[in-house]
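Before any comments, here is the structure.
The values are calculated or read from the model by the stated rules, or taken from the named source; none is laboratory data. Source: prediction; values computed, not measured. All Cβ positions, glycine included, derive from the backbone under ideal geometry; neighbour counts span all protein chains shown. Accessible surface is based on the protein model in full, side chains and every heavy atom, while ligands, DNA and RNA are left aside. Shrake-Rupley method; radii C 1.70, N 1.55, O 1.52, S 1.80 Å.
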Amino acid sequence: MGDENELMDKQKAYKLAVSLCRTKIRMPTFEEYIVNPRVMDDFIRNQPNFENFSPPVFFNFQSPVPVKKIRDEMKQYQDWADKQKEKMAIFEEMMDEKGIRAGTGSVGEAHKGWGRSKRKG
């Protein structure tokens, strides 16, 4: 019964140490804490100091970032994507026509048979 009580005390101490952490990135696990309890103290001591006014996370905004260079790159990519869609539409239209076949270097219907019979068509 003593081992379980000791384990519960270590778990409470681990939860207290986790609550003191400013970041949870690369935080030692409970198993690592049981093997070496000083690992949590070292982790808490070596954490970076974040400013109080900004959280230590990156926000992914849905609207574009108001930086001219990034907006120009996004516009350039959008123009390229529009051109590719236009080219693909032309290609698909050609594929729907009778004489264009995919994967061959020629236009027309496939020949039938061998030798002179391929001219009969």
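Using protein chains only and a probe of 1.4 angstrom, how many square angstrom of ASP79 are accessible, to the nearest 10?
My reading of the accessible area for ASP79 is about 70 Å².
Can you pull the accessible area of ILE70 for me, 1.4 Å probe, Å² to the nearest 10?
ILE70 exposes around 70 Å² with every protein chain in place.
Name the aspartates and glutamates eligible as straight-distance cross-link partners of LYS15: C-alpha to C-alpha under 19 Å, and not fewer than 8 places from it in the same chain.
Straight-distance partners of LYS15: ASP3, GLU4, GLU6, GLU31, GLU32, ASP41, ASP42.
What FRET efficiency comes out for LYS68 versus ARG26 if R0 is 41 angstrom and r is the Cβ-Cβ distance? Round to the nearest 0.05.
On the way: r = 36 Å, r/R0 = 0.87.
So the FRET efficiency works out to roughly 0.70.
In whole Hz, what ³J(HN,Hα) sequence does the stretch 72-79 give by Karplus (6.51, -1.76, 1.60; θ = phi - 60°), x for Gly and Pro?
Per residue, the Karplus-derived 3J(HN,Hα) values read 5, 5, 5, 5, 4, 5, 5, 4 Hz.
When the solvent-accessible surface of protein heavy atoms is calculated with a 1.4 angstrom probe, in what order do PHE43, PHE91 fall, highest first? Mind showing how you got there, number by number?
Numbers: PHE43 35, PHE91 100 Å².
The ordering from most to least exposed comes out as PHE91, PHE43.
Tell me, what ³J(HN,Hα) does each residue in the stretch 32-48 have, in order and in whole Hz, if you take phi through Karplus 6.51 cos²θ - 1.76 cosθ + 1.60 with θ = phi - 60° and put x for Gly and Pro?
For the stretch 32-48, the Karplus-derived couplings read 5, 5, 5, 5, 9, x, 6, 5, 5, 4, 5, 5, 5, 5, 9, 6, x Hz, x marking Gly and Pro.
What nm value, rounded to one decimal, do you get for the distance between LEU16 and ASN36 when each label is placed 7 Å out toward the C-beta?
2.2
Subtracting the Cα-Cα distance from 0.36 nm times the residue separation, let me have the gained length for LYS75 to ILE90 in nm, one decimal.
Working: separation 15, 0.36 × 15 = 5.40 nm, distance 2.28 nm.
Extra length from LYS75 to ILE90 when fully extended: 3.1 nm.
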